[in-house]
Each structure stands twice: as structure tokens, then as C-alpha cells.
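Structure, as C-alpha cells:
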Amino acid sequence: MILDAARLAFANLFAAETRAVFWKVIGLTLLALVALWFAVRELFVWLALPWFDTLMPGTPEWAGWLTFIVGIFASLGLALALALLLAPVTALIAGFFLDDVAEVIETRDYPDSAPGKPLPLVAAMTGSAKFLGVVILGNIVALLLLLVPGVNLIAFFLVNGYLLGREFFEFAAMRYRPPAEARLFRVKHRSTVFLAGLVLAAFLAVPLLNLLTPLFAAGMMVHLHKRLSARDPGFSPQKAAVGA
């Protein structure tokens with residue numbers, strides 16, 4: 001069930017229906033990074049370069065090249081920093097298009113069922129910010145354990161597997177259920193959701209491909225939620241609350 005959901009979600013990334021969402025996410029990400037690069041660079045030129053000039057007053061004319069060289073290195077360093085921000089910024093922007101991906105899958109692959117309801121704008125923004133936090137938190141934890149041999153890789157998969165599975169499954173479930181019920185449904189099927197989260201963590205670990213993690217995760221969890229709902233039609237929030 002999990003592998004089948006992953007297969008369908010991966011195929012959906014390159015389907016004609018979701019191609020527009022893909023290009024929107026990539027285009028807006030690059031636009032945001034370019035705008036950020038220019039903004040921070042101008043801020044550096046405005047604040048730092050005059051500081052260098054006052055730090056070395058009365059220096060010969062050739063010394064003015066030092067500030068120029070510093071500016072070049074600063075620009076290169078900023079470009080490197082933005083490259084590291086590529087995945088988190090993509091995640092933040094993609095969060096606003098997850099409902100589009102879910103709606104395509106629900107309409108195309110489950111025509112006999114009514115499509116879910118898109119999350120309100122505030123909830124979508126919150127979910128986008130939460131995913132960004134998940135990526136940052138998961139990698140900070142893994143980084144802290146980097147010096148422990150054999151543990152850092154395990155930590156990366158366990159932490160990201162749990163967090164990614166939880167966030168994206170609840171996103172898919174909340175298109176059909178109230179937030180509290182979605183959480184209880186996830187708790188009841190926690191082992192399946194966690195194993196699915198490990199697949200997402202593996203996807204996240206692949207360079208460049210990881211830029212598509214939010215879109216892949218949303219699609220995969222829509223399929224998984226559909227299958228678990230069909231397998232558990234008698235789910236009762238009241239009973240689940242007692243057992244949680």
C-alpha cells in the first residue's frame with residue numbers, strides 16, 4: 001500500500017495536470033532567491049563597504065580595490081548561502097500549492113468520491129510554515145548527531161520520517177476530516193504513517209529531487225489516506241480518542 005502510493009505520487013509529479021504547479025513552484029522559488037540575493041547584496045554595499053572605508057582612512061587609491069574584492073567574496077558567499085536555502089524556500093512556496101496537487105489526484109484517480117475541501121488560507125500558510133520548520137528541525141537534530149558514528153544517518157531518517165509523515169498525512173486527512181479527527185486517524189494508523197514518512201525521508205535525501213518533496217509528499221499521503229479510509233470505514237473518533 002505504501003509503495004503503491006509512492007509510485008502513484010512519483011508518476012503524478014510529471015503528469016500533465018501537475019506540470020503547471022511544478023513550474024510555478026520552481027519559478028517562484030528562483031524569483032524569491034534572486035530577489036533575496038539582490039536585497040542582501042545592496043544591504044551589504046550600503047552598510048559594510050562604507051565601514052571598510054572609514055576603517056582604513058587615508059589609504060592609497062589602490063587600497064580601494066580591497067573593498068571591491070571583499071564585495072566579490074561577499075557576493076559569492078551569499079550565493080552559496082542561498083543555494084543552501086534552496087530546499088527550504090522551495091518547501092515554503094510549495095506549501096501554498098499542495099491543495100492543487102491533492103485536488104488533481106482526487107479528481108483524476110478517485111472520480112467516484114467527492115474531492116476534499118481545500119484548507120483555508122491561514123491553515124495553508126500555517127501548514128507551509130510547519131513543513132519548513134520540520135525540514136529545519138529535522139536537519140538540525142541530524143546535524144547535532146553528526147559526530148556520533150552510525151547514528152547521524154539513522155537520526156536523519158527517523159526524525160524526518162516521523163515529522164514528514166505526521167505533517168503530510170494530517171494535511172491529506174484534513175481535506176476530509178476536522179483537524180482533531182484527522183490527528184486521531186493518524187494516531188490510529190501511526191505505524192503505517194511512520195513507514196510512509198521513511199519513504200519521504202529517503203526522497204528528501206536525494207539532491208535536487210528533494211526540491212519536489214512537498215509535492216511528492218502531498219500526493220503520496222492523499223493516496224495513503226484514501227486507502228486507509230477504505231480499509232477502515234468504521235473509524236470512530238470517540239473510540240480513537242480513548243485509545244490514543
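The values are calculated or read from the model by the stated rules, or taken from the named source; none is laboratory data. None of the values given here were measured: they were computed from a predicted structure. A quick note on method: Cβ atoms are made from the backbone with ideal geometry, for glycine too, and the neighbour counts reach across all protein chains shown. In case anyone asks, the SASA skips ligands and DNA or RNA and just uses the protein heavy atoms, side chains included. Shrake-Rupley method; radii C 1.70, N 1.55, O 1.52, S 1.80 Å.
Here P178 clears all of (1) of a type outside the set (S, T, Y); (2) touching a residue at least 12 places away in the same chain (Cβ under 8 Å); (3) under 22 Å from D99 (Cβ atoms) except the condition numbered (2). With the condition kept exactly as written, say whether any residue in segment 113-132 is among the hydrophobic types (A, V, I, L, M, F, W, C), over 26 Å from T29 (Cα atoms), at pLDDT below 85 and open to solvent by 80 Å² or more (accessible area, probe 1.4 Å). For segment 113-132, residues among the hydrophobic types (A, V, I, L, M, F, W, C), over 26 Å from T29 (Cα atoms), at pLDDT below 85 and open to solvent by 80 Å² or more (accessible area, probe 1.4 Å): absent.
Here P179 meets the list (1) farther than 22 Å from T18 by Cβ; (2) under 18 Å from the mean Cα position of the chain (by Cα) almost entirely, failing just condition (2). One residue is enough: does segment 16-36 have a residue meeting the conditions outside any helix (DSSP H, G or I) and either farther than 18 Å from N210 by Cα or open to solvent by less than 50 Å² (accessible area, probe 1.4 Å) (or both)? For segment 16-36, residues outside any helix (DSSP H, G or I) and either farther than 18 Å from N210 by Cα or open to solvent by less than 50 Å² (accessible area, probe 1.4 Å) (or both): absent.
Selection within segment 15-48: residues that are within 13 Å of G219 (Cβ to Cβ) and over 18 Å from the mean Cα position of the chain (by Cα). The member of this set that is modelled with the highest pLDDT is A15. Does L147 count as under 22 Å from N12 (Cα atoms) and either of a type outside the set (D, E, K, R) or modelled with pLDDT under 80 (or both)? So L147 does not fit the description; no.
Considering (1) open to solvent by less than 10 Å² (accessible area, probe 1.4 Å); (2) touching a residue at least 40 places away in the same chain (Cβ under 8 Å); (3) within 18 Å of K130 (Cβ to Cβ), the lone condition that H223 does not fulfil carries the number (3).
Quick one: count up the residues across segment 91-112 that are farther than 13 Å from M221 by Cβ, of a type in the set (A, V, I, L, M) and at pLDDT 85 or above.
1
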